[in-house]
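One structure is given below, encoded as C-alpha cells.
The values are calculated or read from the model by the stated rules, or taken from the named source; none is laboratory data. Bear in mind that the values here come from a model prediction, so they are computed numbers and not experimental data. Backbone-built Cβ (ideal geometry, glycine too); neighbour counts: all protein chains shown. Quick note on the areas: whole protein, heavy atoms, side chains included, nothing else; ligands and nucleic acids left out. Shrake-Rupley method; radii C 1.70, N 1.55, O 1.52, S 1.80 Å.
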Amino acid sequence: MNNDDRRAGRGLDRRHLLQAGLAAAFAAPLGALGAQAFAPRGIASGIDFSEFPLCRTASDAPALTGAPRKLKLSWNAGAVCLAPVPVAIEHGFFQKHNLDVELVNYSGSTDQLLEAIATGKSDAGLGMALRWLKPLEQGFDVKIAAGTHGGCMRVLSRADSGVARLADLKGKIVAVGDLAGPDKNFFSIQLAKLGIDPNKDVDWRAYPGNLLNVAVEKGEVQAFLSSDPLAYLWLKDTQYKEVASNLDGEFREKSCCILGLRGSLVREEPLVARAITQALLDAAMFSSQNATIAAKSFQPYAPKAATLADIEGMVRYHTHHHHPVGDVLKRELKAYADDLKSVQVFKSSTDTAKFAERIYVDVFAV
C-alpha cells in the first residue's frame, strides 16, 4: 500500500476524529473481556501454508488433551495491530488448540504488565518490543516466544511543512505521546543511523496521544509520532503526510510487536506455552490472508471514525505474515538491544547476546 492509498478518501471532520481518538485512548479500564463476549464461529480453515512452509509442522502438532486449558491473555484492545487476537477467539484458533482464553484489556504501565505476567495474574501478553526490552532488563520472569507483526508506527507532519524525510527532523521540535515510548525509541534509532544525535539534535516534547495533531496545527511542533489506528486515520486528511514508518528499509522484515509468556508456564507446561503461541501465529497468518474477516473481528474495538475499509487497510498494511520464532526471533531481539544501546536507552555495558538469550524461548523446541 503506497502513501497515496493510505491517504485516500475524504478528510474527516476534525472534531469527530478527536472524539474518536479519546475513545481509542481510553477505550476500556483495566479489566477482563472474557472469551464469552465473542460468539465463536467454529474452527477456521483455509490458511495457505505455501506462504509459510516452516509453520506447517508446528501448526499440525496435536492439540492438548483433557478439559480446555484456561489462560489469561493481556492485550491493548485499542491497538488495531492486534486484530489477530479477536480473530483467534471468534474463529476458533484457541479452541483448535484446546485453550479457553480470557482477554484482559491492560491499561497500566509496561512494568505493571510484565509484573502481572511474571506473577501469574496473566499467563501471556502482547506488546511492543521497543517498550518491553528496557523493563525486561530488570529481570522479570517473562519469556518472549514470538514476534507477531511489523508496522503501526509513523512520523507525520503537515503536508505543507518542510519535513519530507526523517533526516529533516534535525533541529526540529517533535511531539510524542510518551518520551519513553516505542515510537520515540524506534525513530531515535533511525536518526542515529543517519548520523543525527536524537538526544541533542531533536527537541522531543510530550503531548497527550490524541492531541498530537493539534500541536502541529498550532505550530508548536513541526512533526509528531503516532501509531495506528490514529495515525492511519489522520493520514486520511490531506493536510497531513507520512514522513516515515517502521516499515521503511531494513525494518520491513522485522517485527515490532511480541508475545511474552509467564516464565513458570514455559517451564512447567511447555505444551501449553506452545499451544497459545501457535494459536496466535495461526490467527496472524489467517489475518494476513483474510484481511476483511480480520477487520470485522476487530471492528468492535476500533474508533467510531474508522470504517470497515479503514480497518481492513490497516490489517493489510501491518505485516501479519511476519512472526519470527526461535533463532530468528533471538537475532531480532539482540539487534533491537544493540540499537537501544546506540541511543543510550540500554547501558553500554549490556551484553546484548546474553540478554537476548535470557529473555527469549523457543516453544517449538519442546
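Which residues, taken from segment 325-341, are touching a Ser or Thr at 6+ places or on another chain (Cβ under 6 Å) and open to solvent by less than 20 Å² (accessible area, probe 1.4 Å)?
Ala337
Would you say Leu156 is surrounded by fewer than 24 Cβ atoms within 10 Å (Cβ to Cβ) and closer than 16 Å to Val202 by Cβ?
Criteria not met by Leu156.
Quickly run through segment 201-210 and pick out the residues that are without any contact (Cβ under 8 Å) to a residue 60 or more places away in the chain and buried (at least 17 other Cβ atoms within 10 Å of the Cβ).
Of everything in segment 201-210, those that are without any contact (Cβ under 8 Å) to a residue 60 or more places away in the chain and buried (at least 17 other Cβ atoms within 10 Å of the Cβ) turn out to be Val202, Trp204, Tyr207.
Report, by residue number, each residue of segment 92-109 that is open to solvent by less than 20 Å² (accessible area, probe 1.4 Å) and either free of Cβ contacts under 8 Å to residues at least 12 places away in the same chain or outside any strand (DSSP E or B) (or both).
Gly92, Phe93, Phe94, His97
How about segment 247-265: which of its residues are in contact with a Gly (Cβ under 7 Å, 6 or more places away or on another chain) and crowded, with 24+ Cβ neighbours inside 10 Å?
Across segment 247-265, the qualifying residues are Ser255, Cys256, Cys257, Ile258, Gly260, Arg262.
Quick check on Ala356: is it crowded, with 23+ Cβ neighbours inside 10 Å and either polar (S, T, N, Q) or at pLDDT 95 or above (or both)?
no
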